[in-house]
1. Do you know which residues across segment 42-59 are at pLDDT below 95 and among the polar types (S, T, N, Q)?
2. Do any strands (runs of 3 or more DSSP E) entirely within segment 1-72 hold 1 or more residues that are exposed (fewer than 11 other Cβ atoms within 10 Å of the Cβ), and if so, which?
3. Which number in (1) without any contact (Cβ under 8 Å) to a residue 40 or more places away in the chain; (2) more than 12 Å from the chain's Cα centre (by Cα); (3) more than 16 Å from the ligand (Cβ to nearest atom) marks the one condition that Tyr53 misses?
4. Which pairs have Cβ atoms under 9 Å, sit 6 or more apart or on different chains, and link a residue in segment 16-31 that is closer than 28 Å to Phe46 by Cα to one that is among the aromatic types (Phe, Trp, Tyr) and open to solvent by 100 Å² or more (accessible area, probe 1.4 Å)?
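The values are calculated or read from the model by the stated rules, or taken from the named source; none is laboratory data. Just so it is clear, the structure is predicted and the values come from calculations on it, not from any experiment. Here Cβ is always computed from backbone atoms with ideal geometry, including for glycine, and neighbour counts include all displayed protein chains. Calculation scope for accessible area: heavy atoms of the full protein, side chains included, ligands and nucleic acids excluded. Shrake-Rupley method; radii C 1.70, N 1.55, O 1.52, S 1.80 Å.
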Amino acid sequence: MSERCIHENFRAVVAVGRIEHPAPKPMTFAADVRIQCADCGEPFQFLGLPAGYNAKGAAVSVDGLEARLAICPRSDAPTPLDTIFTKTSTAH
Ligand SMILES: [Zn+2]
């Protein structure tokens, strides 16, 4: 009788892509993430994301197994911390 795997070790694959658009739209970037148990191979689902694709946010493949994350270079957009600091600074 085999024991059920308790999923203690993981393997993740991240594919980062550059998506070129006709001018004048800027190039966008995406990170597609898959995670599976390194011991038994069972894939993990990503929870709480809408199915599909979102060029400015996060989504998941229809089978739930690939998170599709919009990303950008650090210098292209404020981070959440920058946004909080800006809101705090302008409140005075
Ligand atoms: Zn496992």
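1. Asn54
2. So the answer is 10-19.
3. (2)
4. Filtered contacts from segment 16-31: Ala30/Tyr53.
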